[in-house]
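One structure is given here, and the rest of the page talks about it.
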Amino acid sequence: MAMAGALARSSINGALCAAHLAQYDVRMCSDSLRCSTKLFQLPCLLSSRCKWLTRQRIPIIVSAENTMVSEQKIGDGALENDSGGESTVTITVVGASGDLAKKKIFPALFALFYEGCLPKHFTVYGYARSKMTNEELRTMISRTLTCRIDQRENCGDKIEKFLQRCFYQSGQYNSEEDFSRLDKALKEHEGIRLANRLFYLSIPPDIFIEVARCASLRTSSSKGWTRVIVEKPFGRDSESSAELTRGLKNYLTEEQIYRIDHYLGKELVENMSVLRFSNLVFEPLWSRQYIRNVQLIFSEDFGTEGRGGYFDNYGIIRDIMQNHLLQILALFAMEPPVSLDAEDMRNEKVKVLRSMRPLKLEDVVVGQYKSHYKGGIKYPGYTDDKTVPRNSITPTFAAAALFIDNARWDGIPFLMKAGKALHSRRTEIRVQFRHVPGHLFKRSFGMDLDHATNELVIRVQPDEAIYLKINNKVPGLGMRLDRSNLNLLYSDRYSREIPDAYERLLLDAIEGERRLFIRSDELDAAWSLFTPLLKDLEEKKVAPELYPYGSRGPVGAYYLAAKHNVRWGDLGAETQNT
Ligand SMILES: NC(=O)C1=CN([C@@H]2O[C@H](COP(=O)(O)OP(=O)(O)OC[C@H]3O[C@@H](n4cnc5c(N)ncnc54)[C@H](OP(=O)(O)O)[C@@H]3O)[C@@H](O)[C@H]2O)C=CC1
Ligand SMILES: O=C1O[C@H](COP(=O)(O)O)[C@@H](O)[C@H](O)[C@H]1O
């Protein structure tokens, strides 16, 4: 059946896309036009964060196995059907009273609404145990909506219209009865239309399965699709992650589970494949032949403030490295995929992850921030947080050297560094190239040849940029060399605000685009790399090296890099483009 599906997909997709395109007014959409070849999404999508299409999508009937919650058995958009030809989407934020919902999810939904990216008939539901009226939810949401879009025209109007689409239902997370009440409320909004439902589990991970159970049994859409976005952490190690996956799969199919890693929704992370595969100049250099090392750097200039309770159970390796940085690494290092299809992309990422060496203790350095006085202000240490045990040895900083044992990357160190309460906030990928062979300009560089190598920097945040450090001649009669940047600074190049990662990911989930979500085998491969190390760190109670709040982190990180003949590229990186 799978083969038949694939055959049908490949043979009819091109024709359908072409035919289908003709039905849309393509002038509505300014930039990218995308044809999805996914089984459930054969119709072409004008998904460039432009106006939501008001025309119908072509219904493609596919046979799907009957699971308790059925993934869309028919095309996922509006259908010409006996419900009047239109569909609805309801986005239920489970854990609506929480930090992430307020900070990211509701604002992202509003931004999508503002941009015309939500379907005509959509409803947003908040669900949590806290008692709240619709009005109270709206007031809570409205407080967070001003930040990104308040300068724009008609913003007040749009906020009001958006809030009128937001509702709240209070309930327990393990009560089927409460979810039945939610179902009833959703149905009232959906009417006779084809109803699609997206659940965002913005709750602590120990209740994911209970919510999946109740939602699956009581609030699945009977006609349209039902999808569930699951927030990290996806377990603490290989075993707990596998258990979580098993638990979720008792109630949901893999196709319904959207494991979110919001770093995959960041503009420059998404651009990485474009940079590599649409520019002839980069791909030939993308291997051990020309690249000396790759650095993935995450630093925050604030501590765990407010999230110490969660963080202490996880630590920086699980919080940032095993997911965000590893995902970036996989995208960076993968082989060219067959297509941009979710499964093709994710197949390549899995291959890279499975070619990597599991980490050992000697490959890492761990640190923890301590309090520090600066300018008369005391910055608290990690264990000063009331929600953190005084004797905690949970790392708030880690540096690691990883290796990919495949033909492309054999012997090349991929260095990761992630830390909280450091001197700056930045996430970047640094690619250091090998020295130019021969000695033509050696004298002009002086002793420090390292300084003269090319470096490509992809700055994910803040001040998104891609720049390439090159050597050039200082103008004049002499022959003095200089280092300069070929610089693509996004704020100079594009006047458009960069959408938040959650906007992109929410829209993808609504559209059924799974490319930027984590598949279960990817997750297994990722945990296999880190689990032995995490166990060792915990069993041996490895004490983290203390570093002052606001510093550059433990010196051990420099020794680790030096051991692999690497110098961190962010050393002395105070100015924007160093
Ligand atoms: N906050 C962030 O920046 C990020 C969060 N995440 C992940 O997103 C998810 C949500 O995060 P966040 O919003 O910070 O979480 P919160 O701790 O704010 O929890 C969300 C909601 O869940 C309910 N809740 C909290 N604790 C419990 C509990 N022990 N048992 C049952 N219900 C509980 C509360 O709602 P009520 O009491 O009303 O039911 C709360 O408002 C988590 O999985 C987190 O790891 C991921 C990345 C970043
Ligand atoms: O997932 C997480 O990410 C945030 C950093 O996200 P960003 O988009 O603001 O860079 C981090 O602070 C948090 O600890 C972690 O759980």
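The values are calculated or read from the model by the stated rules, or taken from the named source; none is laboratory data. The shown structure was predicted, so the numbers you read here are calculated from the model rather than taken from an experiment. Neighbour counts run over all protein chains shown; Cβ positions are idealised from the backbone, glycine included. Note: accessible area is taken over every heavy atom of the protein model, side chains too, but ligands, DNA and RNA are not part of it. Shrake-Rupley method; radii C 1.70, N 1.55, O 1.52, S 1.80 Å.
Just a few scattered comments:
- Residue 302 long-range amide H proximity, modeled H, under 5 Å: 421, 422
- Legend: distances between Cα atoms for 102/540; 266/469; 442/563; pairs beyond 29 Å are 102/540.
- Most to least packed among 482-489, 92-99, 421-428, 175-182 [average Cβ atoms within 10 Å]: 92-99, 421-428, 175-182, 482-489
- Using the average count of surrounding beta-carbon atoms within 10 Å as a protection proxy, the listed peptides 219-225, 394-400 rank, highest first, as 394-400, 219-225.
- Three-way shape label, region 473-578, alpha-carbon gyration tensor, a/c 1.5: oblate
- Cα gyration tensor, region 167-318 - rounded (a/c under 1.5), prolate or oblate: prolate
- Shape category assigned to region 243-318 from the gyration tensor of Cα positions, a/c cut at 1.5: oblate
- Under Stokes-Einstein, with the Kirkwood radius over Cα pairs as Rh, the value for region 305-421 at 4 °C and 1.567 mPa s is 80 µm²/s.
- With Cα atoms as the point set, the radius of gyration and Dmax of region 100-252 evaluate to 16.3, 51 Å.
- Semi-axes of the equivalent ellipsoid for region 85-138, computed as √(5λ) from the eigenvalues of its C-alpha gyration tensor and ordered from largest down, come to 21, 14, 9 Å.
- Computed over region 383-423, the quotient of the alpha carbon radius of gyration and 2.2 N^0.38 Å is 1.79.
- Peptides ranked, highest mean first, by Cβ atoms within 10 Å: ranges 376-383, 128-135: 376-383, 128-135
- Surface accessible to a 1.4 Å probe, per residue, for the residues of region 191-346, Å²: 33 Å²
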